[in-house]
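Taken together, the values in this text are just the output of simple stated rules run on the coordinates, not laboratory data. Predicted model only: the values in this text are computed from it and were never measured. Positions of Cβ are backbone-derived with ideal geometry, glycine not excepted, and every protein chain shown enters the neighbour counts.
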Amino acid sequence: MKLLVTGGAGFIGSNFVIKSLRVKKDLEIIVIDKLNYAAHPDAIKNLERCKLVVDDICNKDAVFDLVKEVDAVVHFAAESHNDNSLRNPYPFIESNIVGTTNILEACKNYKVRLHHISTDEVFGDLALDDPHKFTRYTPYAPSSPYSASKASADMLVRAWVRSFGLEATISNCSNNYGPYQHIEKFIPRMITNRLMGVKPKLYGDGLNVRDWIHVDDHIAGVWLILEKGAPGQTYLLGANGEKSNLEVVKTLNRLMGYPEDDYEHVKDRAGHDRRYAIDASDTIAELGFSPKYTDFEAGLKATINWYSDHPEFWHLDKEAVENSYKQQGQ
Ligand code: NAD
Ligand code: DAU
């Protein structure tokens, strides 16, 4: 099988490429990635059966040339950080909406199977005491320019399925953690703060809840969908990992040898979603999805060890990332 992986030099994309090639010996991968600030091409550069093409999915000709060579496309490429989308939404509109349209047109033209990677944020948020979780039937209600751009992309995929018979699936996954995540994101920012002797910074009251899943479980879910998913279907991926940000910081402090309450509150994110929670029961029943990393503390410990062992991944960026947060009062 030959796959085109968009955004394969980013956090989830690079984990997908590395781990898929390790276990699937007849798999070839072409990565298209424009190498924005979140990319780390060194992680995939010298892999056998993997070719990296440095280009932008907004470049329609490049996308068409690559899609015609492959059996399927897994579409990770996106601008992915909410805080950045609040400062400047335009790259999100370009990459996440225009870029996705190019992928759809190319897949339609060459009749290539597409799996589109989306997020639980398209459903908006839940109250802390809401007994319901997100399902594939939850109406879309995105809050930020980022989540609105992802919701738009999902709608485009659905339109191409219905109007052109495109063989496409969508997954909406919850918050990922694991190696190679950019240090602008919550867990890696908190770990690398601690490693630099800086206190973790909680937005607002710190009671917002995220539903954590290890990146390897996300990847396993994507493969199940690629191999067994029904064309046109949406699959939710999550691992019952709801935790408040405060709980995460306390656990992290304890694991890193600091008092649990050694953190500070900073300015809240505008429009900050209160809680995400995934009901993955349809994906479990239909595809046998079964997350392996059910012990969040063990997964977090492994992630702390990874960032401690790989300062080359984040050291050079840390000062600039923190300066940028400082300007926002965060
Ligand atoms: P990331 O920011 O770490 O990586 C994104 C990658 O896409 C980068 O390598 C970047 O260079 C590339 N890219 C961006 N725009 C591009 C363009 N126009 N052309 C070519 N390449 C481009 O993001 P991530 O966290 O790995 O997220 C990957 C996907 O998974 C995104 O679609 C995101 O919405 C989705 N998702 C992420 C999470 C999460 O918790 N991180 C959860 C659910 C879904
Ligand atoms: O739910 C899936 C989404 O998860 C993905 O679609 C996004 O691409 C991904 O970035 C992530 O979005 P979040 O906004 O939930 O992730 P982030 O890591 O930015 O923040 C997680 C929570 O932690 C959120 O409630 C904000 C809070 N936070 C974040 C940072 C960076 C803090 O309290 N302090 C911080 O310094």
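Ignoring GluC sites (Glu not before Pro) that are buried or in helix or strand per DSSP, and keeping those with at most 13 other beta carbon atoms within 10 Å, what is the longest stretch of the chain between them? Show your work: numbers first, answer last.
Working: sites that count: Glu48, Glu69, Glu260.
The segment 70-259 is the longest one with no such site.
Seen against the Cα atoms of the chain and their longest principal axis, helix 186-195 is set at about 50 degrees.
Given the rule -39500 (n - 2.57) for each run of at least 4 DSSP H residues, summed and divided by the residues of the chain, what is its mean residue ellipticity at 222 nm, to the nearest 500 deg cm²/dmol? Walk me through the numbers on the way to the answer.
Numbers: 12 runs with 136 residues, N = 330.
One gets -12500 deg cm²/dmol as the mean residue ellipticity at 222 nm.
Largest GNM mean-square fluctuation among Tyr235, Tyr177, Tyr203, using the chain with Cα springs under 10 Å: Tyr203. Across Leu207, Leu52, Leu104, mean-square fluctuation computed from a Gaussian network of the chain (C-alpha pairs under 10 Å connected) peaks at Leu207. Pairs of Lys residues in region 217-330, spaced 8 or more positions apart or belonging to different chains, with C-alpha separations under 27 angstrom: 16 in total.
Its Cα gyration tensor gives the chain an equivalent ellipsoid; the semi-axes, largest first and in whole Å, are 31, 22, 19. The ranking of Val112, Val54 from fewest to most other beta carbons within 10 Å of each one's beta carbon is Val54, Val112. For region 135-289, the alpha carbon positions stretch 55, 31, 24 Å along the principal axes, listed from largest to smallest.
Assuming a ≥ b ≥ c are the square roots of the Cα gyration tensor eigenvalues, decide whether region 61-146 counts as rounded (a/c under 1.5), prolate (otherwise, with a/b larger than b/c) or oblate. Oblate shape, in that a/c is at least 1.5 and b/c is the bigger or equal ratio.
Computing FRET efficiency as 1/(1 + (r/R0)^6) for Phe64 and Lys199, where r is the C-beta to C-beta distance and R0 is 35 Å, gives about 0.10. For the chain, with a Gaussian network of springs between Cα atoms less than 10 Å apart, report the residue from Gly124, Gly299, Gly221 with the top mean-square fluctuation. The residue with the greatest mean-square fluctuation here is Gly299.
Neighbour counts of C-beta atoms inside 10 Å place Ser118, Ser244 in the sequence Ser244, Ser118, starting with the fewest.
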